[in-house]
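The values are calculated or read from the model by the stated rules, or taken from the named source; none is laboratory data. Since we're looking at a predicted model, the values are computed, not measured. Cβ sites come from the backbone with ideal geometry, for glycine too, and all protein chains shown count toward neighbours.
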Amino acid sequence: MPLTLARPTLHRTVLPNGLVVLVIENPVADIIAARVFVRAGTSHEPRSQAGLFALLTSLLTKGSDRLSSMEIAEQVESTGASLSSDASADYSLVSIKTVSADFEPMLALAAHLMRSPAFPEAELELERRLTLQSLRSMQEQPFTVAYNALREALYGEHPYALPGIGTADSVIELTQADLQEAHRTYFRPDNLVIAISGRITPEKAVALVQDNFGDWQPPISSLSDLTYPAVPEAGRSTILPQDTQQAIVMVGYQAPSVKHPDYAALKLLSTYLGNGLSSRLFVELREKRGLAYDVSAFYPTRLGMSQFVVYMGTAPSNVPNALEGLRYETERLVTENLTPEELEGAKNKLLGQYALGKQTNTQLAQLLGWYEVLGLGIDFDPEFQESVAAVTQDRIQAAAQTAFVDPSVVLLGPAAAVEPFANAS
């Protein structure tokens with residue numbers, strides 16, 4: 001039975017082959033957006049095959065058993081539509097956006113590409129070279145280098161530790177057979193979620209999905225449950241001497257997954273500490289103390305263990321004060337409650353930005369399909385907003401007391417600025 005959200009009604013249908021279809025009829029604009037999610041992403045890769053799903057999805061639109069890369073591009077561009085593919089930590093994705101009249105052929109094309117990719121050797125080698133180039137470019141970006149080191153410290157052998165595009169060693173070894181095996185294993189109808197939002201009725205949308213995906217039968221064997229390797233003990237420090245003009249100071253705390261009761265409280269703390277020009281870190285460390293070129297916080301939504309990160313770009317001479325300031329402003333929340341005004345302000349900011357993130361058909365299809373893939377269900381949209389509104393001062397302090405202990409620290413910058421911390425506990 002349909003459930004009513006703040007936006008138009010969401011309809012959920014499960015086809016006989018196990019494929020989940022989510023539809024929002026939103027006739028305001030003559031646009032339809034669709035997201036085809038696969039419940040498998042970079043967290044499903046063994047470490048030796050890091051980058052597998054990024055490479056696989058990049059090749060989905062580069063050739064099928066009957067279409068070349070150029071023919072696919074011509075079909076998409078002749079209608080002015082967009083069709084792309086991508087991989088994330090917890091899912092892989094094919095994205096479609098088109099005017100209503102062209103949605104049917106674009107969905108048919110997406111279905112064909114997902115079901116019958118060719119992974120042409122020439123395209124594979126081109127994508128491999130581009131990936132290796134991106135990996136080399138990452139080594140020239142101090143923030144990325146520091147963040148990759150922080151993830152390694154927090155996650156160890158866990159797949160979340162590595163960049164989504166893999167490593168140079170793993171990408172070089174990936175083969176066409178590896179891509180084909182991953183496709184056979186994970187690209188199956190009972191592992192798919194299709195979210196559609198726009199000027200289309202639920203009945204029409206489900207019928208189109210049935211026409212293009214309904215005869216796709218899942219394998220007899222079921223997918224095995226995903227198990228993550230254990231993460232290392234918290235509190236590791238990494239010193240990265242580099243000849244840079246500014247230093248990167250990054251502090252990371254192991255944090256719970258999206259399904260944990262503290263999720264809403266930690267989202268509020270991330271908003272309070274690091275979201276915008278009025279955030280605590282910006283006001284205290286940049287405006288009042290003049291320490292930061294850039295300062296913020298983030299807490300990614302993850303199906304497995306997440307991370308709560310505060311960071312700063314600063315002058316090398318400021319590294320001691322920057323590290324002290326980041327840790328103080330975060331860890332003081334273990335013993336100091338937010339004021340009622342601070343908590344209300346964080347709620348208003350978070351809920352306001354959340355509402356703005358659901359304005360377009362593309363945003364709606366992405367958000368609601370993502371929730372389904374994460375196993376949160378179609379009720380999560382209103383439940384999350386209700387959970388945020390219900391967070392109390394005591395609840396948010398309890399979340400801080402659990403999360404903000406034993407941080408891992410990464411310091412990147414000139415040797416004279418960061419090496420004195422090499423033996424610090």
request  = Would you check if there is a residue in the range 187-194 being basic (Lys, Arg) and farther than 22 Å from Val38 by Cα?
outcome  = no
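One line per residue, one yes/no per condition, for (1) surrounded by fewer than 23 Cβ atoms within 10 Å (Cβ to Cβ); (2) over 21 Å from Tyr155 (Cβ atoms):
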{"site": "Ser237", "(1), (2)": "yes, no"}
{"site": "Thr244", "(1), (2)": "yes, yes"}
{"site": "Met250", "(1), (2)": "no, no"}
{"site": "Asp262", "(1), (2)": "yes, no"}
{"site": "Phe282", "(1), (2)": "yes, yes"}
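Phe119 - would you say it is on the phi > 0 side of the Ramachandran plot, at pLDDT 95 or above and assigned by TED's automatic domain parsing to the domain that holds Ser170? First the steps, then the outcome.
Details: on the phi > 0 side of the Ramachandran plot: yes; at pLDDT 95 or above: yes; assigned by TED's automatic domain parsing to the domain that holds Ser170: yes.
Yes: the conditions hold for Phe119.
The rows are residues; the columns are (1) in the same structural domain as Asp90 (by TED's automatic domain parsing); (2) within 28 Å of the chain's Cα centre (by Cα); (3) farther than 30 Å from Ser43 by Cα.
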{"position": "Ser279", "(1), (2), (3)": "no, yes, yes"}
{"position": "Leu291", "(1), (2), (3)": "no, no, yes"}
{"position": "Tyr299", "(1), (2), (3)": "no, yes, no"}
{"position": "Met312", "(1), (2), (3)": "no, yes, no"}
{"position": "Glu324", "(1), (2), (3)": "no, no, yes"}
request  = Hey, can you tell me all the residues within the range 246-266 that are closer than 23 Å to Ala146 by Cα and of a type outside the set (A, V, I, L, M, F, W, C)?
outcome  = Gln246, Gly252, Tyr253, Gln254, Pro256, Ser257
note = In the set Gln353, Gln359, the lone residue that is within 30 Å of Arg199 (Cα to Cα), among the polar types (S, T, N, Q) and free of Cβ contacts under 8 Å to residues at least 24 places away in the same chain is Gln359
remark   = Log entry, pairs with first residue in the range 253-276 being on the phi < 0 side of the Ramachandran plot, second being of a type in the set (Asp, Glu) and at pLDDT below 95, beta carbons closer than 8 Å, six or more apart or on different chains, reads Tyr253/Asp406; Gln254/Asp406
task = Take Gly63 and decide whether it is more than 27 Å from Gly252 (Cα to Cα), surrounded by 19 or more Cβ atoms within 10 Å (Cβ to Cβ) and not β-branched (Val, Ile, Thr).
result = yes
query = Just to be sure, is Asp215 of a type in the set (D, E, K, R) and either in contact with a strand residue (DSSP E or B) (Cβ under 9 Å, 6 or more places away or on another chain) or at pLDDT 95 or above (or both)?
reply = yes
query = What residue, among those in the range 264-279 that are surrounded by fewer than 22 Cβ atoms within 10 Å (Cβ to Cβ) and not small (Gly, Ala, Ser), is farthest from Leu374 (Cα to Cα)?
reply = Leu277
ask   = Which of the residues that make up the range 297-318 are in a strand (DSSP E or B) and buried (at least 19 other Cβ atoms within 10 Å of the Cβ)?
value = Ala297, Ser306, Gln307, Phe308, Val309, Val310, Tyr311, Met312, Gly313, Thr314
Residues satisfying the stated conditions in the range 1-18, i.e. at pLDDT 90 or above and among the basic types (Lys, Arg) = Arg12
inquiry  = Any residue at all in the range 118-134 that's more than 24 Å from Ser68 (Cβ to Cβ) and in contact with a Lys or Arg (Cβ under 8 Å, 6 or more places away or on another chain)?
reply    = no
task = Can you run down the residue pairs with Cβ atoms below 6 Å, 6 or more apart or on separate chains, where the first is in the range 10-23 and charged (D, E, K, R) and the partner is part of a strand (DSSP E or B) and surrounded by 20 or more Cβ atoms within 10 Å (Cβ to Cβ)?
result = Arg12/Leu22
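Can Ile220 be described as of a type in the set (Val, Ile, Thr) and touching a strand residue (DSSP E or B) at 6+ places or on another chain (Cβ under 9 Å)?
Details: of a type in the set (Val, Ile, Thr): yes; touching a strand residue (DSSP E or B) at 6+ places or on another chain (Cβ under 9 Å): no.
Judged against the criteria, Ile220 is not a match.
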query = Which members of the range 133-170 meet the condition of being assigned to a helix (DSSP H, G or I), surrounded by fewer than 16 Cβ atoms within 10 Å (Cβ to Cβ) and among the acidic types (Asp, Glu)?
reply = Asp169
inquiry  = Can you go through Ser69, Ser85, Ser78, Ser92 and tell me which one is surrounded by fewer than 21 Cβ atoms within 10 Å (Cβ to Cβ) and touching a strand residue (DSSP E or B) at 6+ places or on another chain (Cβ under 6 Å)?
reply    = Ser69
Selection from the range 319-349 of residues that are surrounded by 23 or more Cβ atoms within 10 Å (Cβ to Cβ) and closer than 15 Å to Leu266 by Cα = Thr330, Ala346
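Answer yes or no as to whether Glu45 is more than 21 Å from Ala195 (Cα to Cα) and out of contact with any Asp or Glu (no Cβ under 8 Å at 6 or more places or on another chain).
yes
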